[in-house]
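Comments concern the structure below.
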Amino acid sequence: MDLKLTEEQEMMRKMVRDFAISEVQPEVERMEQEDRFPAELIHKMGELGLMGIPIPEKYGGSDMDYTSYIIAINELSKVSATLGVILSVHTSVGSNPILNFGNEEQKNKYLPKLASGEYIGAFALTEPGAGSDAASMKTKAVKDGDNYILKGSKMFITNGGQADTYVTFARTSEESGSKSFSAFIVEKDTPGLEIGKAEKKMGLHGSSTVPLSFDHCIVPKEQLLGEEGDGFKIAMANLNVGRIGIAAQALGIGEAALELASTYAKEREQFGKPIAENQGMAFKLADMATEVEAAKLLVYHAADLVEKGAHSSKEASMAKMYASRTARKAAIEAVQIYGGYGYTEDYPVERLFRDAKVTEIYEGTNEIQHKVIAKNLFD
Ligand code: CAA
């Protein structure tokens, strides 16, 4: 296992780090307080080539390796987990399904716009009654001449309301089984698609999360992704890899919590000495550092396997489960180390604490990651 970064990957890390500190950091407070979607920052990320990192050059992307993409999410998330999730959803599940399963016409039509950041991508799988049990979805797509008519509703759609394209899943057969679903590229202005009111969330305040409703939504048959019946396969294949993106986001949150808490513990004095000199604090930080390091190894190992074509869903689920749990634990400990200050909005650890939690929930709860890992062990 060689986890040494290449020169190109190091350049990516430095470029994103500089961008995050100089351009993103000053905006974090405004995103947080105003629930403000960072459209200008996304535009700049498009100019830097960050919105299409793994997309081939012929479709207008940066044509870089998967690890470079993971580095970008990881570095952004140390400063803003909001931008981390926007980029992860846009790329892993908003653009990659089109890259991996689209026909040439669909790729030429959508990928250059997604890769430049002119378009933002989203993924519409979850429904009010179908979260972890994705196959219980009720949204239907009925063939009608040259169109499919979509009817149903989706829930918790990240980038929703801001996105230009929604990779949307719907039932095309009444039969049970994984071949009953199909995937469609639904454009934001499609008649019959209604965007609901944004959720008021515990964290990730700048990212938009909305319900969608499809009421006699007419989608031309050219928008079908892959073949009819391929939907579940498309969803799972992209989640298998996409979960590493969320793992990288969680890693960024954990690293930020560790860095802030270590600095604070060295500066904060009580009983005439820095609190870091108390074993109770030092051991906490040592545990945090060990777990963050272990999460980093899992995340970059999973990304490396994607690169080598040896990837399976097991490593992605392990990385996502462990990094998100680490992020939550590190953020809780960071609040504890900051004491009363950590519980106020004046210090960033409070935001990290709120942002960390959802990484254990979306793109498959950690209970679902256990299920995926166990299935891989026993199959
Ligand atoms: N990779 C590839 N194929 C898979 C798979 C995987 N990880 N998991 C299942 N499959 C295939 C199976 O091989 C099987 O194929 P066949 O029918 O050809 O045999 C088929 O799918 C059905 O398999 P199961 O019976 O095991 O499926 P299931 O219905 O019991 O559930 C599940 C599988 C893993 C629990 C799945 O429903 C799941 O991943 N649920 C979580 C949903 C999720 O992650 N949602 C995320 C929403 S997006 C999001 O959150 C983005 C965001 O905002 C940040």
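Here are some notes:
- Length gained when the stretch E57-N100 is fully extended (0.36 nm per residue, less Cα-Cα span): 14.0 nm
- DSSP-defined antiparallel bridges as percent of all bridges, the chain, nearest 5: 85 percent
- The lysine pair tally for the range 246-331, using Cα distances under 23 Å and a gap of 8 or more places or different chains, is 13.
- The angle between the Cα long axis of helix 7-19 and the longest principal axis of the Cα atoms of the chain comes to about 80 degrees, rounded to the nearest 10.
- Stokes-Einstein D (µm²/s) once Rh is taken as the Kirkwood radius of the chain over alpha-carbon pairs, at 10 °C in 1.306 mPa s: 75 µm²/s
- Summary of the geometry: the range 93-113 and the range 277-351, compared by the centres of their Cα atoms, lie 33 Å apart.
- Per residue accessible area of the chain, 1.4 Å probe, in Å²: 44 Å²
- Computed over protein heavy atoms with a 1.4 Å probe, the carbon and sulfur contribution to the accessible area of the chain reaches 52%.
- Angle in degrees between helix 231-267 and the longest Cα principal axis of the chain, rounded to the nearest 10: 20 degrees
- Remark: the K44-S136 segment gains 29.2 nm on full extension, using 0.36 nm per residue and subtracting the alpha carbon distance.
- Within the listed set T344, T172, T139, the Gaussian network model of the chain (springs between alpha-carbon atoms below 10 Å) gives the highest mean-square fluctuation for T344.
- Modelled FRET efficiency - R0 22 Å, H370 with A237, Cβ distances, 0.05 increments: 0.65
- For S22 and Y341, the difference between the fully extended length at 0.36 nm per residue and the C-alpha to C-alpha distance is 112.3 nm.
- A289-E222 pseudo-label distance in nm [points 7 Å out on the Cα-to-Cβ vector]: 5.9 nm
- Rounded to 0.05, the FRET efficiency of the L3 and E174 pair, given R0 = 45 Å and the Cβ-Cβ distance, is 0.40.
The values are calculated or read from the model by the stated rules, or taken from the named source; none is laboratory data. As the structure is a computational prediction, the values presented were derived from the model and not from experiment. Note that we place each Cβ from the backbone using ideal geometry, even for glycine, and neighbour counts take in every protein chain shown. Remember, those area values only see protein heavy atoms, side chains included, never the ligands or the DNA or RNA. Shrake-Rupley method; radii C 1.70, N 1.55, O 1.52, S 1.80 Å.
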